[in-house]
Amino acid sequence: SYGVQERVDAAYARLDFEGSGAGLVWSGNAGLRLVRARTHVEGARMIEAQGRAEVRPVAHDSCDTRLLPSLNLAADMGDGRTLRLAASRSLTRPSLADLRASTVPASVLISAISVRGQAAVDRPEPGVIFSGVGGNPALTPYLATSLDLSYEITGRRTSFSVAVFHKTIDDFIQAEAATETLVFETRTGVAVHADVLMSRPRNVGRARIDGVEMGVHQRLAGGLGVWANATWTHSRLAGGERLTGVSDLAWSINPYLERGPLAVNLSWSWRSAFRSEADLQGGGVSAFVIGPAGYMDAQATYRIDQRTRLSIAATNLTDTRDLAYEGSAARLLQLGSAGRQFSLGLEFNW
């Protein structure tokens, strides 16, 4: 078992400003946040004492203080044109699960050593894997420096926007495997040492994310219209490895109808494949790929009167399945299906 306690204190100041000049009307704000986080982690670890395995408590304390500035500017260029600039620093703390002081070798390895002792290490039986997972109470928060520049055109029936963004992340957290010498207990109480490939979250250095986002909105006749957007993202660690959970390309198209009391919205979204990590097979975290996927959702609302509204929604109408594979789609690891989901609601305000 383990326990994690975290206390976060913060103070924030912001200055708003506006003005005009050079044919522009501009406004914005500058802010500064002071954040202090203190963490206390308790757990247990197996050690050897006089030739026998014993469980001893462990504890880890940390304190982190950061100054996080931010700046937001908007320049009205006239004729519905707006230029925006944003710069900020943000802090993301490790999850409480990642901070846990725990070491969990594969269950088959624990059972084998418990029964066979040193022989299970010297002459392992088929199916026994020397791997495991655990937390890392020594993790530090990662600091992100973000820059965003966007240009927007807004008209009576049409709007368009394009944005470029950049983010540098220091002390990025990602699961990595490393060999550790662990102590195991046998039925007789004698301690046995074994080298185990342990997967733990670790601070792996600097990561970089760059991208472009475009969006368009067009109103058509008869209450019809369409929203569409697309995002291209390039994400890499310092060594060239792709970040987990980030698709290179994602887009969506959302046609809609708004006529009288009726509103209908369709949404078709698609994303490219992305890299992920998890303990899918037991005994250790491994890297794999989540394949590309598209999803269709729909929602309709009907306003019966000023106080009552009826709604119906459907998600994953295409019954899309998420595929996880290793290297290529031919090496399937996992098939996930949430199925189609429907909901009906009646909203009444008084």
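The values are calculated or read from the model by the stated rules, or taken from the named source; none is laboratory data. Keep in mind that this is a model prediction, so the values were computed, not measured. Cβ atoms come from the backbone with ideal geometry, glycine included; neighbour counts cover every protein chain shown.
Looking for something surrounded by 15 or more Cβ atoms within 10 Å (Cβ to Cβ), hydroxyl-bearing (Ser, Thr, Tyr), closer than 23 Å to ARG156 by Cα and at pLDDT 95 or above - is there at least one such residue anywhere in region 237-255? Yes: region 237-255 contains one or more residues that are surrounded by 15 or more Cβ atoms within 10 Å (Cβ to Cβ), hydroxyl-bearing (Ser, Thr, Tyr), closer than 23 Å to ARG156 by Cα and at pLDDT 95 or above.
Residues are listed down the side, and each one gets a yes or a no for (1) in contact with a Phe, Trp or Tyr (Cβ under 7 Å, 6 or more places away or on another chain); (2) acidic (Asp, Glu); (3) modelled with pLDDT of 95 or more; (4) in the same structural domain as LEU262 (by TED's automatic domain parsing):
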| residue | (1), (2), (3), (4) |
| --- | --- |
| ALA300 | no, no, yes, yes |
| ARG303 | no, no, no, yes |
| ARG307 | yes, no, no, yes |
| THR320 | yes, no, no, yes |
| TYR325 | yes, no, no, yes |
| LEU332 | yes, no, no, yes |
| LEU335 | no, no, no, yes |
| ALA338 | no, no, no, yes |
| ASN349 | no, no, no, yes |
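Checked against the criterion of being under 22 Å from VAL133 (Cα atoms) and under 23 Å from the mean Cα position of the chain (by Cα), the candidates ALA87, ALA53, ALA101, ALA59 yield just one match: ALA101. Note on region 160-197: residues that are hydroxyl-bearing (Ser, Thr, Tyr), without any contact (Cβ under 8 Å) to a residue 60 or more places away in the chain and surrounded by 14 or more Cβ atoms within 10 Å (Cβ to Cβ) amount to 2.
For region 1-34, a residue qualifies if it is in contact with a Leu (Cβ under 6 Å, 6 or more places away or on another chain) and either surrounded by 14 or more Cβ atoms within 10 Å (Cβ to Cβ) or over 18 Å from LEU143 (Cα atoms) (or both), and the qualifying residues are VAL4, ALA13, GLY28, ALA30, ARG33. Just one residue in the set ARG45, ARG52, ARG100, ARG56 is of a type in the set (D, E, K, R) and without any contact (Cβ under 8 Å) to a residue 40 or more places away in the chain; that residue is ARG56. Of all residue pairs spaced 6 or more apart or on separate chains, those with beta-carbon atoms under 8 Å, a first member in region 68-83 that is in the same structural domain as VAL162 (by TED's automatic domain parsing) and surrounded by fewer than 15 Cβ atoms within 10 Å (Cβ to Cβ) and a second member that is modelled with pLDDT under 95 and not in a strand (DSSP E or B) are GLY78/GLY23; GLY80/GLY155. If I ask for residues that are over 15 Å from LEU237 (Cβ atoms) and touching a Phe, Trp or Tyr at 6+ places or on another chain (Cβ under 6 Å), which ones from region 153-174 would you list? Across region 153-174, the qualifying residues are ILE153, VAL162. Each residue in region 188-209 was checked for being over 30 Å from VAL164 (Cβ atoms), among the β-branched types (Val, Ile, Thr) and in a strand (DSSP E or B), and 3 pass.
Of the strands (runs of 3 or more DSSP E) lying entirely inside region 252-350, those carrying at least 3 residues that are touching a residue at least 12 places away in the same chain (Cβ under 8 Å) and within 25 Å of the chain's Cα centre (by Cα) are 262-271, 274-278, 286-290, 293-303, 321-325, 332-337. Every test in (1) out of contact with any His (no Cβ under 8 Å at 6 or more places or on another chain); (2) assigned by TED's automatic domain parsing to the domain that holds SER343 is passed by ASP248 save one, and that test is (1).
With respect to the conditions (1) part of a strand (DSSP E or B); (2) free of Cβ contacts under 8 Å to residues at least 12 places away in the same chain, HIS234 falls short on a single one, namely (2). Determine if region 298-308 includes at least one residue that is charged (D, E, K, R) and within 23 Å of GLY215 (Cβ to Cβ). No. Within region 172-187, the residues that satisfy the criterion of being farther than 30 Å from TYR142 by Cα and not in a strand (DSSP E or B) are THR186, ARG187.
Just one residue in the set PHE160, PHE165 is assigned to a strand (DSSP E or B), at pLDDT 90 or above and within 21 Å of GLY205 (Cα to Cα); that residue is PHE165.
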